[in-house]
Amino acid sequence: MEVFLLSGVTSPVWSWIQRLGLFGLIPLGIADSAPFVDAPPGSADVFLILLSVASHELWALYAFMISLGEILGGYLTYRIAEKGGQATLEKKVGKQLAEKVYKWFEKHGFIAVFIGAIAPPPFPFTSVLMAAGIMQYPRKKFFLALAAGRSTRFFTEAFLGRTYGRQMIAFFSSHYRAATYAFIALAVLVGIGAFIFFKYFRTPKKAVNHGQGKSV
């Protein structure tokens, strides 16, 4: 089947996803955003698109459920970091990069969460979620930015899967090797862009008192 050639999903896994249906997307979304689950990058996007292609009349429900799971997983990460995730984040990305994230987040917190929620893998969105918790970014603003970003991303993907999914699958199946190289190149470019962004983006010069913000 062409869809398996595109996604690399085996028949048993695909059957399991179909059996879980709508409610299976919630734990998948949580796992995709949780720091303690090593979910394959982009797995939520792939499964959402496949489900939208297979049952296109349910595309909006699929998008809603995966967005709900991602929001719950993002809030879980926020709460874990709020209660002492600074050491974990600095171990994950390095203290120097973490300091840049803190400083930039202090000034552009809403934009950081919103853009990070839309950005595709391998953008380090978990680090942004943890920074929000460490800085105790106001919860209402955090939820608004996270929900807006994730909903925009997944509703768009589901709609495209519902509308153009079969044509896209047929095209990529016919040009599988070229598509693979293109996706690898795109992932590398996104990774380089994220590195340059965090390394060289202008940050405020004042010292940052981590965790001094207020939760609303």
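Here Gly109 fits the description: surrounded by 15 or more Cβ atoms within 10 Å (Cβ to Cβ), at pLDDT 75 or above and at negative phi. Take Gly21 and decide whether it is over 19 Å from Arg153 (Cβ atoms), at pLDDT below 85, small (Gly, Ala, Ser) and open to solvent by 40 Å² or more (accessible area, probe 1.4 Å). So Gly21 does not fit the description; no.
Residue-level check: of (1) at pLDDT 65 or above; (2) closer than 26 Å to Gly69 by Cβ; (3) of a type outside the set (Asp, Glu), Ala185 misses just (2). Per this entry, Tyr75 is counted among residues that are closer than 30 Å to Val53 by Cα and crowded, with 19+ Cβ neighbours inside 10 Å.
Leu89 versus (1) modelled with pLDDT of 85 or more; (2) open to solvent by less than 20 Å² (accessible area, probe 1.4 Å): which is the lone unmet condition? Condition not satisfied by Leu89: (1). Would you point out the residue of the range 117-168, among those that are modelled with pLDDT under 85 and of a type in the set (Ser, Thr, Tyr), that is surrounded by the fewest Cβ atoms within 10 Å (Cβ to Cβ)? Filtering first and then ranking leaves Tyr164.
Could you run through the range 27-46 and say how many residues are part of a helix (DSSP H, G or I) and open to solvent by 30 Å² or more (accessible area, probe 1.4 Å)? Number satisfying all stated conditions: 5.
The values are calculated or read from the model by the stated rules, or taken from the named source; none is laboratory data. No experiment lies behind these values; they were computed from the predicted model shown. Cβ atoms come from the backbone with ideal geometry, glycine included; neighbour counts cover every protein chain shown. Accessible surface areas use protein heavy atoms only, side chains included; no ligands, DNA or RNA. Shrake-Rupley method; radii C 1.70, N 1.55, O 1.52, S 1.80 Å.
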